[in-house]
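Beneath this line is the structure, given in structure tokens, with notes to follow.
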């Protein structure tokens, strides 16, 4: 019976993408299903994908003054349109961070079709856990509450001079340097300041 329990735990681990070590195989079968349920809960998106219109995408990238030497990170990249546009129209490299693997797959197909698959990467991961330190430009179309939660990460991980552009929503007390209204929609720009020395 113990070997059957170990076999079932291993099957559960392989089937759900969990990378088990020897110790988790000793756990009761109920513990394995609890881990799976908690992982599923942890990966529920905070925001559902709403496409940014092309005119807003263009305005965001122009406001950020994107150049060929930039690395544009789109947090919550959906179908990849902002990162793809940055590569296509400005020659920048780009990284899309998106929790939904189906949208990541769609973004990769669109990048191939647009001829920029060598310049862009899409990662299926939680934007709060992603390493964004390489970015020189960050684009957002999230909710106000998520922008506020994200602000400490942006300040901590991004280099001074990195530009942040948000479609529609601001960041509370952090005043934008510039704000545009494009087709009735706000677009905001901030720049990461120099790090304060203690």
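Taken together, the values in this text are just the output of simple stated rules run on the coordinates, not laboratory data. Source: prediction; values computed, not measured. Neighbour counts are summed over all protein chains in view; Cβ atoms, including those assigned to glycine, are modelled from backbone coordinates with ideal geometry.
Quick rundown of the values:
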| read-out | value |
| --- | --- |
| Ratio Rg/Rh, restricted to the range 135-198 and using Cα atoms, in which Rh is the Kirkwood radius | 0.97 |
| Segment residue 125-residue 69, extension gain: residue separation times 0.36 nm, minus the distance between their alpha carbons | 17.7 nm |
| For 60, 155, 171, order by how many other beta-carbon atoms lie within 10 Å, fewest first | 155, 171, 60 |
| Footprinting exposure proxy for 181, 56 (fewest neighbouring C-beta atoms within 10 Å first) | 181, 56 |
| Beta bridges per DSSP with both ends in the range 47-188, % antiparallel, nearest 5 | 30 |
| Residues 128, 122, 169 arranged by fewest to most Cβ contacts within 10 Å | 128, 169, 122 |
